[in-house]
1. Would you confirm whether any residue within segment 119-128 is under 22 Å from Thr13 (Cβ atoms) and in a loop (DSSP other than H, G, I, E, B)?
2. What are the pairs with Cβ atoms under 6 angstrom where one residue, in segment 55-77, is at negative phi and the other, located anywhere, is at pLDDT below 90 and open to solvent by 60 Å² or more (accessible area, probe 1.4 Å)? Sequence gap at least six, or different chains.
3. Does Leu49 meet the test of being at pLDDT 85 or above and over 30 Å from Trp153 (Cα atoms)?
4. For Ser156, state whether it is polar (S, T, N, Q) and surrounded by fewer than 19 Cβ atoms within 10 Å (Cβ to Cβ).
5. Answer with yes or no whether Val143 is modelled with pLDDT of 95 or more and either buried (at least 21 other Cβ atoms within 10 Å of the Cβ) or in contact with a strand residue (DSSP E or B) (Cβ under 7 Å, 6 or more places away or on another chain) (or both).
6. What's the number of the only condition in (1) within 30 Å of Ala145 (Cβ to Cβ); (2) at pLDDT 95 or above; (3) in a strand (DSSP E or B) that Phe95 fails to meet?
7. Restricting attention to segment 1-36, report how many residues are of a type in the set (Gly, Ala, Ser) and in contact with a Lys or Arg (Cβ under 8 Å, 6 or more places away or on another chain).
8. For residues in segment 1-59 being assigned to a strand (DSSP E or B) and closer than 17 Å to Arg117 by Cβ, which is most open to solvent (accessible area, probe 1.4 Å)?
Amino acid sequence: MYPYLRAARVVATTRASPDLAPDDVVVFRTRCWPWDADMFGELNNGRHLTMFDLGRFAHGARFGLFALLRARRWGLVVGGGFVQYRKRIQLMRRFEIASRLIARDAKWFFYEQATRRDGVICSSALMRVAVVDGPTGTVPTQVVAEAVGHGDWHGSLPDWAVRLAEADSARPWPPEGL
């Protein structure tokens with residue numbers, strides 16, 4: 001089940017924090033509860049993705065994106081992600097999620113995120129996220145950036161992220177042979 005109470009807590013506590021720039025890092029702390037764990041007693045890979053969702057929510061609440069989404073009845077959609085898992089997060093252990101917006105193009109916002117336990121990076125992700133409006137589809141990032149007061153911010157994708165995005169664009173859709 002989706003952690004709605006945890007999501008509400010994350011957004012409520014971060015929304016009350018000072019505003020920030022799009023590329024500032026937002027961190028929230030949590031714990032690996034039994035419902036987050038897999039049969040090996042560690043944070044499961046699906047819950048890692050959910051934690052990254054919550055990290056983006058926390059970040060968006062801090063730079064005005066969530067208020068804008070509510071006001072305009074827009075939503076967020078993940079268009080793809082690249083995740084690396086390196087260290088376990090065991091049951092009942094505290095950990096944190098760090099998130100920052102690193103760049104945008106005409107359609108996508110690119111987030112870099114990580115889980116950390118005791119100062120050690122456990123997993124990291126590059127996530128591509130778009131803002132959507134039900135009747136019209138994807139909202140251009142320039143429109144969103146201007147609406148939150150950061151119209152001149154574009155950031156910069158590191159070379160490795162550019163190569164991942166290019167490789168993802170070259171993938172056939174729908175997948176062949178499935």
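1. yes
2. Correct list of pairs: Ala61/Arg15.
3. No; evaluated as a whole, the condition is false for this residue.
4. Here the answer is yes, as Ser156 does meet what is asked.
5. No.
6. Unmet for Phe95, out of (1) within 30 Å of Ala145 (Cβ to Cβ); (2) at pLDDT 95 or above; (3) in a strand (DSSP E or B): (1).
7. Number of matching residues: 1.
8. So, considering only residues that are assigned to a strand (DSSP E or B) and closer than 17 Å to Arg117 by Cβ, the one most open to solvent (accessible area, probe 1.4 Å) is Arg29.
The values are calculated or read from the model by the stated rules, or taken from the named source; none is laboratory data. Keep in mind it's a predicted model, so treat the numbers as computed, not measured. Here the Cβ is made from the backbone with ideal geometry for all residues, glycine too, and neighbour counts use every protein chain on show. The accessibility values were calculated without ligands, DNA or RNA, using every heavy atom of the protein model including side chains. Shrake-Rupley method; radii C 1.70, N 1.55, O 1.52, S 1.80 Å.
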